[in-house]
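Bear in mind these aren't lab numbers, they're just calculated from the coordinates by the rules spelled out. Model, not experiment: these values are computed from the prediction. Note: ideal-geometry Cβ built from the backbone for every residue, glycine included; neighbour counts use all protein chains shown.
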Amino acid sequence: MRFSRFVRAVLALAITCSPLLGQREASSNAEARIQKEVRHELLMLPYLTVFDNLAYKVNGYDVTLMGQVVNPVLKSDAGNVVKRIEGVEKIDNQIEVLPVSPMDDGLRRRLYRAIYGYPALQRYAMPVIKPIRIMVKNGHVTLEGVVDNESDKNMAGLRANSVSGVFSVTNNLVVTKS
């Protein structure tokens with residue numbers, strides 16, 4: 001009699017827990033799908049340039065947008081395209097719009113030429129979505145993105161530091177593991 005009660009209790013527990021396990025698995029599948037779609041939608045934004053850095057974090061069905069953009073329309077466009085993704089319940093748009101500055105605009109052009117025009121780094125200029133992102137805020141430069149090796153990371157930082165008018169360079173480039 002005790003054994004049969006034990007078996008029924010174990011079966012009842014298994015029956016009630018299995019939907020929870022299925023929900024957790026479905027939730028992680030949905031989160032992976034949302035991450036993939038957010039990345040795709042952000043990369044497809046028409047005004048995204050090498051001078052913008054968009055990042056995101058997905059937590060369940062909530063998406064947090066981060067980064068810096070030159071064009072304020074890009075911030076609202078990013079929020080709008082992510083809002084339309086099926087399953088997204090909440091968006092926290094923390095994207096920073098960089099201040100308008102003719103001095104920073106000139107620096108951006110010079111930095112682009114210094115980095116992507118340098119023969120050892122020209123291969124990074126080939127893709128439509130450039131892997132080295134250049135953010136300029138009041139003369140302070142931040143490099144974001146990915147490069148193939150440590151020497152390319154250091155070279156990009158040196159090239160950025162060599163541009164006149166740059167106050168500081170923060171090199172956040174990540175070396176991909178090949």
* **Cα-Cα P(r), segment 102-175, percent of pairs per 5 Å interval** => 3, 18, 33, 26, 15, 4, 0
* **In sequence order, calculated HN-Hα J values of segment 152-159 (Karplus, 6.51, -1.76, 1.60; Hz; x Gly/Pro)** => 5, 4, 5, 5, 4, x, 5, 4
* To do: State whether segment 17-126 is rounded, prolate or oblate according to the following rule on the C-alpha gyration tensor (a ≥ b ≥ c being the square roots of its eigenvalues): a/c under 1.5 gives rounded; otherwise a/b larger than b/c gives prolate, and the remaining case gives oblate.
  => prolate
* **Neighbour-limited loop hits for trypsin sites (Lys or Arg not before Pro), segment 127-178 (at most 10 other Cβ within 10 Å; DSSP other than H, G, I, E, B)** => Lys177
* Structure fact -> For Lys130, counting only lysines whose alpha-carbon sits under 23 Å away and dropping same-chain residues fewer than eight positions off, the answer is Lys36, Lys57, Lys75, Lys153, Lys177
* What residues have an amide H closer than 5 Å to that of Gly165, excluding those fewer than 5 places away on the same chain, when H is modeled at 1.01 Å from N in the peptide plane? -> none
